[in-house]
Amino acid sequence: MVCEEIKNPQTKEEYIDYWTTKGCLLARETDEFKKISEEKEEKFNMIIEMAVPWQRELISQLIDDIKSIENARSSMEMYNTIGLIYNDIKKDTV
C-alpha cells in the first residue's frame, strides 16, 4: 500500500502498512542509513574477496541468506512495534 493511498488509517493493518512504508522511505533518505548500508556492503564484499575462488559462490549465497533472515527479522520487529504503537494510541482515544 502506498502512503498517499491512505491519509487516515483506520484499522490496525492499515496503520501498520502506512507507517512501515512511510518509515522505510524516510529511513532510506537519511545519511546514517546510507552510511551503514554502504559499510555493510563493503564488509560483505571483503568477505567474498577473501575467500578462495571456488568458495566465493557459496559465501555469496550464505551472505544472501543472512540478508534475507535479517530482513525478515527486522520486518517482524517493525510490524510488532508499530502494532504496539497503534494499540497504545487507540487505548488513549477510548
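The values are calculated or read from the model by the stated rules, or taken from the named source; none is laboratory data. What you see is a predicted model, and the numbers here were worked out from it, not measured in a lab. Neighbour counts run over all protein chains shown; Cβ positions are idealised from the backbone, glycine included. What goes into the accessible areas is simple: the full protein's heavy atoms, side chains included, and nothing from ligands, DNA or RNA. Shrake-Rupley method; radii C 1.70, N 1.55, O 1.52, S 1.80 Å.
Could you work out the relative contact order of the chain, using alpha carbon pairs under 8 angstrom and six or more residues apart, expressed as a whole percent?
Across the chain, relative contact order equals 35 percent.
Do any GluC sites (Glu not before Pro) in region 24-77 lie in a loop, going by DSSP, with at most 14 other beta-carbon atoms within 10 Å of their beta carbon, and if so which?
Of the GluC sites (Glu not before Pro), the ones in loops of region 24-77 whose Cβ has at most 14 other Cβ atoms within 10 Å are GLU29.
How much accessible area per residue does the chain have, in Å², with a 1.4 Å probe?
Normalised by residue count, the accessible surface of the chain is 81 Å².
Would you calculate a helix-derived [θ] at 222 nm for the chain, using -39,500 (n - 2.57) for each DSSP H run of n ≥ 4 and dividing by the full residue count, to the nearest 500?
-28500 deg cm²/dmol
Out of these labelled values of percent of Cα pairs over 24 Å apart, (1) 33; (2) 42; (3) 20, which was calculated from the coordinates shown here?
Of the labelled values, this structure produces (2).
Hey, if you put +1 on the Cβ of every Lys and Arg and -1 on every Asp and Glu Cβ in the chain, which of THR93, THR30, ILE59 ends up farthest toward the positive end of that dipole?
With unit charges placed on the Cβ atoms, the residue in question is THR93.
Using a cut-off of 26 Å between alpha-carbon atoms, which lysines can reach LYS12, once sequence neighbours fewer than 8 places away in the same chain are excluded?
Result set, ordered by chain and number: LYS22, LYS90, LYS91.
Where the accessible area of the chain is counted over protein heavy atoms with a 1.4 Å probe, how much of it, in %, is carbon and sulfur?
Summing carbon and sulfur atoms, their accessible area is 58 percent of the total for the chain.
Please list, or write none, the aspartates and glutamates whose alpha carbon is within less than 19 Å of the alpha carbon of LYS35, excluding same-chain residues fewer than 8 places away.
GLU70
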